[in-house]
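The values are calculated or read from the model by the stated rules, or taken from the named source; none is laboratory data. None of these values were measured; they are calculated from a predicted model. Note that each Cβ is placed from the backbone with ideal geometry, even for glycine, and that neighbours are counted across all protein chains shown.
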């Protein structure tokens, strides 16, 4: 081998070593589809489309997850089932006003909850996230999805390889 052949061989090996971690990393990326339950039939719950957008945005911020547009190609499907809003009483407080008269008030907060189902094949896992805004509730669902994927990563990759064969 002459010097040029050695140099070309070294460059080729360097390129291969650079591409291998990218391929391994791509294999460790889990593809997630987010949709509203009942979307296929045309019937959805009020507000679920907004929560689908919030959840999609929150999942895009997760390193291991890649949001895709097709449930058929997804490793994990997350369906937003519904959402709910309710007031919670934080407590009753009393104080004396400027005239010395005792006054009372209750502190309340508006809790919003997003309900979703995570699906992998026939497996189903119920999720819900709470927050003071719909976006915050969706972010909490996204964190649960990310945690669940992290705990089940090896099996998810195995299932993807089984489907490919």
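What the table below lists for this structure:
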| quantity | calculated |
| --- | --- |
| Residues that are farther than 18 Å from residue 60 by Cβ, in a helix (DSSP H, G or I) and out of contact with any helix residue (DSSP H, G or I) (no Cβ under 7 Å at 6 or more places or on another chain), drawn from the stretch 142-161 | 151, 153, 154, 155, 158, 159, 160, 161 |
| Residue among 28, 42, 47 that is more than 16 Å from residue 159 (Cβ to Cβ), out of contact with any strand residue (DSSP E or B) (no Cβ under 9 Å at 6 or more places or on another chain) and modelled with pLDDT under 90 | 42 |
| Qualifying residue in the stretch 94-113 (condition: in contact with a strand residue (DSSP E or B) (Cβ under 8 Å, 6 or more places away or on another chain) and closer than 22 Å to residue 70 by Cα) | no |
